[in-house]
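First comes the structure, then the notes that go with it.
Read-outs: derived from the displayed coordinates by stated rules, not from any lab. Treat the numbers as computed from the prediction; the structure is a model and nothing was measured. Backbone-built Cβ (ideal geometry, glycine too); neighbour counts: all protein chains shown.
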Amino acid sequence: MLAERGLSAFLRYANSRYLRLGAYSGGTLPGPRPGKRYMLYVHIPFCQRLCPYCSFNRFPFSEERGAPYFERLRDEMRRVAELGYDFDSMYIGGGTPTIMLDELCKTIDLARELFTIREVSSETNPNHLLPEYVEALAPRVQRFSVGVQSFDDGLLQQMDRYDKYGSGEEIITRLKEVGGAFHSMNVDMIFNFPSQTAEMLRHDVAMLKESGCNQTTFYPLMASPVVSRQLAKTVGQVDYQREGVFYEQLSRDLAETFEPASAWTFSRIAGGMIDEYIVDYEEYVGIGSGAFSYLDGAIYVNTFSLRDYGRLIAEGRQGVTAFRQFDAREQMRYRYMMGLFGLKLDKRAFQADFGVSVERALWMETAFMKAVGAFAEDTPEYTTLTEKGRYLLVAMMREFFIGVNGIRDQAREALPPDERQLIFGEGEGCEVRHPVASAVSETESAEDGVPRA
């Protein structure tokens, strides 16, 4: 698709400037603004073994690392409460959030004590779809998201997930056993893996319908430059030209059972819990090593280093070590992208918040989207998307998260040698998901704000 190629090229250039971070010495986050809604993101950076293609901040799990980390995490949560923040929603990502079940439950319980939490989302992996996990988490978690990626056994083997989590049939059996325990059961999938075929995608959709899940998220493969090179050496080069064709097929095959909830999330539940918290919450606070916060037009980034994170929290600070303040145009572009990604841009809210209409502020972006047929409705109140428009938002988000993954790759390289050795050694797979958090080592960032590789 010519429009996608031009858009992707522009975004790669823009992101090379947009995602540069500088050192942060404030110690803690700024306080909340009265009347503003915020979401709490919690990062658990541990997996039994590490997936080779994952750019998230994650370390091989051990109780010696895990137990103290959860204690520090809860300390940071208390600091956030002391700043005056309140949250009605909490998202727990990783890594593997369910890797220490008792510690996870303590963390959720504390969040409910400190804040007016009404809904909790947690990621997990198929090997934790067990009765004891469901019994502990069903009263605490409303939305459970399982990283499956594919039901094709060959792809699972290529992603180093088959031996860890079982065959596609085994995963389906576990999903069915958990069905109905949570308000929303989301299954994360990947499309456009180099060796994936159209028939594999049809099989994945058929298995999803059989699983009984009430939501699915199909992420396009979002490979940073480092990951792309690894993929090219093992299973082949990522081909973005066929990505749009696969998306059209997915949209068509899912339509019998699911309806779009965001550009890449499909739900059986009208008004269900959308997989991407950034759709419902423009601003959020992140805690934990590898988390980031987006507050009042600025991104605040927590250190990748477990050692630095523990030290900062022990000193009475938070984990923030890097940030960037976005200018007004960058904030408007971000709002535009996130609004359309959620399938409906509120033009009146845009005007109220920025003091200018979206057509005037982002005339070039709006003209481009209209010219390529991306808009289904474009009224004075809102804008919605055609199927082609939804795919263009998939491409936008893919490029945005590839840029974030590139920063994350550099940040991992900037870790102290012993911690770098940990993450490049053995490790059980974490979810191969889109980025939720970016992090920069406090001690190893370059003068221009980009972590040294």
(request) Please give every one of the aspartates and glutamates within straight-line cross-link reach of LYS176, meaning a C-alpha to C-alpha distance under 13 Å, and leave out same-chain neighbours fewer than 8 residues apart. (result) GLU210
(message) Can you order the peptides 364-373, 28-37 by their average number of other Cβ atoms within 10 Å per residue, highest first?
(response) 364-373, 28-37
(request) Mind pulling up the Rg/Rh value for the stretch 132-197? Radius of gyration and Kirkwood radius, both on Cα. (result) 1.02
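Evaluate the relative contact order of the stretch 24-280 (contact order divided by residue number), counting alpha-carbon pairs under 8 angstrom at least 6 apart; express in whole percent.
15
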(message) Considering the Cα positions of the stretch 306-404, please state its Rg to one decimal place and its Dmax as a whole number of Å.
(response) 17.7, 54
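How big is the Kirkwood radius of the stretch 305-364, worked out from every pair of different alpha carbons and given in Å to one decimal?
Taking the inverse mean of 1/r over all distinct Cα pairs, the stretch 305-364 comes out at 14.1 Å.
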(message) Can you tell me which lysines have their Cα less than 28 Å from the Cα of LYS36? Leave out same-chain residues fewer than eight positions away.
(response) LYS106, LYS344, LYS347
(request) Please say if the stretch 23-120 is rounded, prolate or oblate, where rounded means a/c under 1.5 for a ≥ b ≥ c the square roots of the C-alpha gyration tensor eigenvalues, and otherwise the choice is prolate for a/b larger than b/c and oblate otherwise? (result) prolate
(message) Could you tell me what a quarter of the Cα convex hull surface of the stretch 24-280 works out to, in nm² with one decimal place?
(response) 14.7
(request) Could you tell me which trypsin sites (Lys or Arg not before Pro) in the stretch 81-123 are loop residues by DSSP with no more than 12 other beta carbons within 10 angstrom of their beta carbon? (result) ARG118
(message) If I take every Cα pair under 8 Å that is 6 or more residues apart in the stretch 138-220, average their sequence separation and divide by the length, what percent do I get for the relative contact order?
(response) 39
